[in-house]
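**Student:** What follows is a structure written as structure tokens; I'll ask about it next.
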Amino acid sequence: MAERIEQRLEDRIPELEQLERVGLFTRKEIRAVLRKASALEYKIQRRALRKEDFINYIQYEVNLLELIKKRRARIGYSFKKDEIEHSILHRVHSLFNRATGKWKDDVQLWLSHVAFCKQWNSKHQLSKVFSTMLAIHSNKPALWIMAAKWEMETRLSSESARHLFLRALRFHPECPKLYQEYFRMELMHAEKQRKEKKEFEQAKMDLGEFNYSEEILNGEMARIIYREASQKIKGVEFQLAVLSIAKLFDFTQDLQKEILESLQTKYADDPLTWDYMARRELELGSLQPAENTTKQKKVSEMAQREERCCAVFDEAVRAVPTEDMWKCYITCCLERYNRKTNSEELKQKRLERTLSVFSKAHETSLLPEALYQQWVRLLLDSNLSEKAVEMAEAATRHFSQSVEMWQMRLQVLMQLERDDVTPCFEEAIKHVKSKGALPLWTLWVEWSEGTNSKEDTEALYQRSLHATTPAESVTMKEMYLDWTYRNGGYKKVKKLFTSLCENRPFSLDFFRKMIQIEKEQESCKMLHLREYYERALREFGSTNTDLWLDYIKEELNHPQGKPENCGSIHWRAMKMLQGDLVEDFISKYTLLQTGHL
């Protein structure tokens, strides 16, 4: 092994001599490079190889390349690149090849090699890397697409890109993304050839030696791909994705028309088809020149487009009366309403239209739950308070077990300061199951704290402890403790704490809150702190190292503390903590003893 390492280090000598000769590195730096290289070489020649050692070696060589690049720029020296950089690049590629050969399944390692090749313009090497990587990771469409894009965009080889896509489709015959990118590539190729032909014609050159097929120029290859893909891939999403790609090219009108006809024929009952057709009305006419057009005319034209769009949506909800269809319609209306405009008339029209669509969807009982919230918010923003209350109530009737709907209704009533908040809370608790009702109880007690008397609020807290599930009651206990301290003082909160400790479960924050309250008192007693820590440790002593350490700190730092107790606390912690927590505790305790924690 040593002989092999010595040989590899000797191979470096010519490039290092050149670095010193041309003044890029000093003799001292050359020696430092050799020492570091020697250490790295020994690590990658061991029997038990580690991936991190290869990565560190590669990173060192890359950093060396970057440093040489900066030094060249600083002194303005650009010669001897073959003797210096070429040698280092060759070594990095060799390291990557060994690493990817050993850890073939590590895709990130392959991608790092790809990125390195791109950064240093190693096209020939990158072609080999893609070839080897795809042979091993042929099950990953994204890698095929990356390789094909590189062939098309960097090497300008549409033939190689096409060959890669065809190979990829043999492995993934039903992958939508592969077909989309293949479709895009053929259109890009057609556009490139159209530009070339146009430039030759403008230069009045003879096109006899160039074979420009009219079918390829018109995107026939892309049409073939689309037709083949349509037979294998079902779903309107793929059709819309292909159509959006085709729209990027100005010579695909016939192809777009074919895709649209297919969309309307095969997927006439799909909400996404109708959504696309309706939104298309907003774009029609937008390509016309806008010269000599007044603002009023622009507003009028936009209003007409939106009317046509809504007419298509009206037809859609009659043809496909589903929640998803109404959701598409309402989403579009909200998008239009939220668009900025200086025309108050247009903004008012958009508002009226949006509210009208919400009402129609509600009347057909097809308004999704999430959209009720947006409707009520829009009504409140438009100062239609009574209507907002009415619709919030309707939402809770329609989705009587939904916590979100009851929250929305209650928040509306609270915002408007209505008198029927309490009856509404009572009604909500009846309809919603106890499991999951925590948001309603927290909302209720928070509202009660600012509105009702202390007695009513306390009664509500007591009721919430019995009404919520044991897991959710933990949160209510924390809130109850905090509220009692703010409104009743120390003695009352201590009494409450003792009472609440009779019923499990608890949270760590529940005990920490009581410890913090005790510390805030002028006559903070260590006796009480011990009681709280002991109670907390009974519940969380086996899973929390910080709790033990905080207890030890209190004994050390409190005026009434007993440092001699720290030994027994440490011994108990070692017995109670589980698994890796013991080592974690030992390391933290050591830091505490040395004054670093």
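The values are calculated or read from the model by the stated rules, or taken from the named source; none is laboratory data. Note that the coordinates shown come from a computational prediction; the quantities given were computed from them, not determined experimentally. Because the Cβ atoms are built from the backbone with ideal geometry, glycine has one as well, and the counts that use them run over all protein chains shown. For accessibility, only protein heavy atoms count, side chains too; no ligands or nucleic acids. Shrake-Rupley method; radii C 1.70, N 1.55, O 1.52, S 1.80 Å.
**Student:** Based on this model, can you work out whether Met414 counts as open to solvent by 40 Å² or more (accessible area, probe 1.4 Å) and either within 38 Å of the chain's Cα centre (by Cα) or more than 27 Å from Lys492 (Cβ to Cβ) (or both)?
**Tutor:** So Met414 fits the description; yes.
**Student:** Next question, about the same structure. Just give me the residues in the range 535-561 being within 19 Å of Cys501 (Cα to Cα) and open to solvent by 40 Å² or more (accessible area, probe 1.4 Å), in sequence order.
**Tutor:** Once the filter is applied, which keeps residues that are within 19 Å of Cys501 (Cα to Cα) and open to solvent by 40 Å² or more (accessible area, probe 1.4 Å), the range 535-561 yields Arg535, Arg538, Glu539, Phe540.
**Student:** Can you tell me which condition Lys513 does not meet? The list is (1) open to solvent by 50 Å² or more (accessible area, probe 1.4 Å); (2) modelled with pLDDT under 95, and all the others hold.
**Tutor:** Checking Lys513 against (1) open to solvent by 50 Å² or more (accessible area, probe 1.4 Å); (2) modelled with pLDDT under 95, the one that fails is (2).
**Student:** Are any of the residues in the range 293-307 closer than 21 Å to Lys340 by Cα and assigned to a loop (DSSP other than H, G, I, E, B)?
**Tutor:** Yes: one or more hits.
**Student:** Can I ask one more? Identify, please: which residue in the range 472-488 is in contact with a helix residue (DSSP H, G or I) (Cβ under 6 Å, 6 or more places away or on another chain) and among the charged types (D, E, K, R) and is, among those, most open to solvent (accessible area, probe 1.4 Å)?
**Tutor:** Glu478
**Student:** Turning to a different aspect of this structure: Quick check on this structure: which one of Leu549, Leu556 is in contact with a Lys or Arg (Cβ under 8 Å, 6 or more places away or on another chain) and over 20 Å from Thr475 (Cα atoms)?
**Tutor:** Leu549
**Student:** For the range 569-585, which positions are surrounded by 11 or more Cβ atoms within 10 Å (Cβ to Cβ) and closer than 22 Å to Leu527 by Cα?
**Tutor:** Within the range 569-585, Ile569, His570, Arg572, Ala573 meet the criteria.
**Student:** Can you tell me which of (1) part of a helix (DSSP H, G or I); (2) touching a helix residue (DSSP H, G or I) at 6+ places or on another chain (Cβ under 7 Å); (3) under 22 Å from Cys117 (Cβ atoms); (4) open to solvent by 30 Å² or more (accessible area, probe 1.4 Å) is the one Tyr57 doesn't meet?
**Tutor:** Result: Tyr57 fails condition (4) only.
**Student:** Can you go through Ser400, Ser382, Ser343, Ser356 and tell me which one is surrounded by fewer than 18 Cβ atoms within 10 Å (Cβ to Cβ), closer than 24 Å to Glu446 by Cα and either among the aromatic types (Phe, Trp, Tyr) or free of Cβ contacts under 8 Å to residues at least 60 places away in the same chain (or both)?
**Tutor:** None of the other options fit; the residue is Ser400.
**Student:** Of Ala39, Ala48, which residue is assigned to a helix (DSSP H, G or I) and hydrophobic (A, V, I, L, M, F, W, C)?
**Tutor:** Testing whether each residue is assigned to a helix (DSSP H, G or I) and hydrophobic (A, V, I, L, M, F, W, C) leaves just Ala39.
**Student:** Determine the pairs where a residue that is part of a loop (DSSP other than H, G, I, E, B), located within the range 65-92, has a partner that is open to solvent by 70 Å² or more (accessible area, probe 1.4 Å) and at pLDDT below 90 with Cβ atoms under 7 Å apart, the partner being 6 or more residues away or on another chain.
**Tutor:** From the range 65-92, the pairs are Glu83/Pro14.
**Student:** Here is a further query. Inspect the range 207-217 for any residue being modelled with pLDDT of 85 or more and surrounded by 14 or more Cβ atoms within 10 Å (Cβ to Cβ) and give the result as yes or no.
**Tutor:** yes
**Student:** Hey, among Pro141, Pro173, which residue is within 30 Å of the chain's Cα centre (by Cα), surrounded by 15 or more Cβ atoms within 10 Å (Cβ to Cβ) and closer than 24 Å to Tyr226 by Cβ?
**Tutor:** None of the others qualify; the one that does is Pro141.
**Student:** Mind checking which residues of the range 247-276 are of a type in the set (Ser, Thr, Tyr) and open to solvent by less than 50 Å² (accessible area, probe 1.4 Å)?
**Tutor:** Thr252, Ser262, Tyr267, Thr273, Tyr276
**Student:** If we keep just the residues of the range 425-471 that are over 35 Å from the mean Cα position of the chain (by Cα) and among the basic types (Lys, Arg), which is most open to solvent (accessible area, probe 1.4 Å)?
**Tutor:** Result: Lys430.
**Student:** Identify all residues within the range 307-340 that are farther than 22 Å from Val376 by Cβ and open to solvent by 30 Å² or more (accessible area, probe 1.4 Å); write none if there are none.
**Tutor:** Glu307, Arg308, Ala311, Asp314, Glu315, Arg318, Ala319, Pro321, Thr322, Lys340
**Student:** Here is a follow-up. If you go through the range 16-32, how many residues are free of Cβ contacts under 8 Å to residues at least 40 places away in the same chain, in contact with a helix residue (DSSP H, G or I) (Cβ under 6 Å, 6 or more places away or on another chain) and part of a loop (DSSP other than H, G, I, E, B)?
**Tutor:** Selection size over the range 16-32: 0.
**Student:** Related question: Pairs needed: first member in the range 490-508, over 14 Å from Thr475 (Cβ atoms); second member anywhere, open to solvent by 50 Å² or more (accessible area, probe 1.4 Å) and assigned to a loop (DSSP other than H, G, I, E, B); C-beta distance under 9 Å; at least 6 residues apart or different chains.
**Tutor:** Filtered contacts from the range 490-508: Tyr490/Glu520.
**Student:** Let me ask something additional. Helices (runs of 4 or more DSSP H) wholly in the range 423-509 with at least 2 residues that are acidic (Asp, Glu) - which ones?
**Tutor:** Of the helices (runs of 4 or more DSSP H) lying wholly inside the range 423-509, those with at least 2 residues that are acidic (Asp, Glu) span 438-451, 454-467, 470-488.
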